[in-house]
1. Checking the conditions here, which among LYS110, LYS120 is under 30 Å from ILE167 (Cα atoms), modelled with pLDDT under 80 and not small (Gly, Ala, Ser)?
2. Can you pull out every residue in segment 73-94 that is among the hydroxyl-bearing types (Ser, Thr, Tyr) and without any contact (Cβ under 8 Å) to a residue 60 or more places away in the chain?
3. Restricting to segment 137-169, count the residues that are open to solvent by less than 60 Å² (accessible area, probe 1.4 Å) and in contact with a Cys (Cβ under 6 Å, 6 or more places away or on another chain).
4. Can you tell me which residue in segment 191-200 is nearest to the chain's Cα centre (by Cα), limited to those that are within 18 Å of TYR116 (Cα to Cα), surrounded by fewer than 21 Cβ atoms within 10 Å (Cβ to Cβ) and of a type outside the set (A, V, I, L, M)?
5. Look through segment 170-190, keep the residues that are under 19 Å from GLY114 (Cβ atoms) and more than 43 Å from the chain's Cα centre (by Cα), and return whichever of them is surrounded by the most Cβ atoms within 10 Å (Cβ to Cβ).
Amino acid sequence: MDNGGIKLEKKRTKWGKKLVVFLTISFIIVSIFIYTNAQNEIDKNALITYGFLKKQVDTLTTYIDTNIKRIESKINSITNKTNELNNRINNIESNLNNLNNIPQVTSTFKSTKGKYELIKVKKGQIIIFDNSTQFILRSGVALSILPPQTALIDVTSAKDIVNGQNIQRNHLIIVVKDDGRGFKANEDVWCYINGGYKLK
């Protein structure tokens, strides 16, 4: 039995105990009431008639039935709320499982520090460089991606490359800070890299 079922069973047992206590107290009160009225009837008529006894029993039965229905209504309401809560929990668990099944977007971290290595950046990929990385574009079209007010240093032309500019082939480019500077390959790109980078 799951936790929801156990809690529901405990609540039903609790209400059952309350019902027994309630019925016992009701029986005692009604018995006193019947006895008192019987005494009055005995004093008046010196006899408890069948009609009087039946009336008292009917009154007690109606009273008990009414309260049983009220208690059953509360139990049903609790059951419905418990089922609703269980459904919500199941939906949350299902959503969590679906999130776990979503393919994770991973980035490839590499470093070629100390030597130049020829790297292919596929069309549509983005490469982000680590600080102090150097690279030379050999082929393809690469569009710079830079945070505001930053630049790539084109050592060959002694100029800054700002965001959205094409990177010139065979120029030595230096990245001075790892704050998201890199480029997007508009077509397959080959470049030499000396330093750390991340492909995504």
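The values are calculated or read from the model by the stated rules, or taken from the named source; none is laboratory data. This structure is a prediction, so every number in the text was calculated from the model and none was measured. We place every Cβ from the backbone using ideal geometry, glycine too, and count neighbours over all the protein chains shown. Heads up: the accessible areas ignore ligands, DNA and RNA and are worked out on the full protein's heavy atoms, side chains in. Shrake-Rupley method; radii C 1.70, N 1.55, O 1.52, S 1.80 Å.
1. Being under 30 Å from ILE167 (Cα atoms), modelled with pLDDT under 80 and not small (Gly, Ala, Ser) holds for just one of LYS110, LYS120, which is LYS110.
2. Once the filter is applied, which keeps residues that are among the hydroxyl-bearing types (Ser, Thr, Tyr) and without any contact (Cβ under 8 Å) to a residue 60 or more places away in the chain, segment 73-94 yields SER73, SER77, SER94.
3. Number of matching residues: 1.
4. LYS198
5. Only one residue fits best here, namely ILE173.
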